[in-house]
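Shown next, in C-alpha cells, is the structure this report addresses.
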Amino acid sequence: IKELLATRIRPMVKQDGGNVRYIGFEDEDGLVYVMLEGACKTCPSSGMTLKNGIERMLMHWIPEVTEVQEVDEDFAEDYRLQAKQEQEQKEREEAFKKAKEEAAAAEGAPKVE
C-alpha cells in the first residue's frame, strides 16, 4: 500500500499541489486510512480524488483493500498511539512467554504452548 501510494498515487496528487499520507490499514475489514494534505485538503474535488482515484487504484492492485477513508490529524494521532500500544503489549506478551519457556527449560519441563 505504501509503495503504491508513493510511486503511483502521490506523484499525481502532487502535480496539483497536494499530498496523500498513509496512516494505516485494518487487515480485518480492508480499510486504508489516509490524510489528504496541501491543496487536496481544501479542494472541493478531494472526495472524488479519494474515491475515484486513490481508492480505485488501491483496490485494483491490492485485493485486500475494500475501502479508503480520509481521516483528520486527531484520528491519525490516535491511530498511531493505539498501534504503538498494541505493539508494546504484543512485545510484553512475547517476552513473558519466552521467560516461561526458559524457566520451564531450566527445570527440564517441556515447552509451554
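Computed quantities for the displayed model
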| quantity | calculated |
| --- | --- |
| Nearest 10 degrees, 0 to 90: helix 73-107 Cα axis against the chain principal axis | 20 degrees |
| Trypsin sites (Lys or Arg not before Pro) restricted to DSSP loop in the stretch 42-113 with at most 15 other C-beta within 10 Å | LYS111 |
| Amide H partners (placed H, <5 Å) of VAL68, local residues excluded | VAL32 |
| The chain: equivalent-ellipsoid semi-axes (sqrt of 5 x gyration tensor eigenvalues, Cα, Å) | 41, 15, 11 |
| Of GLY18, GLN69, TYR79, farthest towards positive along the dipole that unit charges on Lys, Arg, Asp, Glu beta carbons give the stretch 1-111 | GLY18 |
| Nearby lysines by direct alpha-carbon distance to LYS97 (threshold 19 angstrom, same-chain neighbours under 8 apart not counted) | LYS111 |
| For the stretch 4-113, share of DSSP beta bridges that run antiparallel, in % to the nearest 5 | 65 percent |
| Candidates ALA95, ALA39, ALA76: whichever shows maximal mean-square fluctuation once the chain is modelled as a Gaussian network with Cα springs under 10 Å | ALA95 |
| DSSP-assigned coil residues among GluC sites (Glu not before Pro) in the stretch 1-101, each with at most 15 further Cβ atoms within 10 Å | GLU28, GLU64 |
| Over the chain, relative contact order from alpha-carbon pairs under 8 Å, at least 6 apart, % | 20 percent |
| Convex hull volume per residue for the stretch 17-83, taking Cα atoms only, in Å³ | 78 Å³ |
| GLN69-ASP29 pseudo-label distance in nm [points 7 Å out on the Cα-to-Cβ vector] | 0.5 nm |
| Cα gyration tensor category, rounded, prolate or oblate, for the stretch 54-113 with a/c compared to 1.5 | oblate |
| Portion, in percent, of the accessible area of the chain that falls on carbon or sulfur, probe 1.4 Å | 51 percent |
| Rounded accessible area of LEU81 (nearest 10 Å², 1.4 Å probe) | 90 Å² |
| Å² of accessible area per residue within the chain, as computed with a 1.4 Å probe and no ligands counted | 70 Å² |
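The values are calculated or read from the model by the stated rules, or taken from the named source; none is laboratory data. These figures come from a predicted structure and were not determined experimentally. Methodologically, a virtual Cβ is constructed for each residue, glycine included, from the backbone with ideal geometry; neighbour enumeration extends over all protein chains shown. Only protein heavy atoms, including side chains, enter the accessible area calculation; ligands, DNA and RNA are left aside. Shrake-Rupley method; radii C 1.70, N 1.55, O 1.52, S 1.80 Å.
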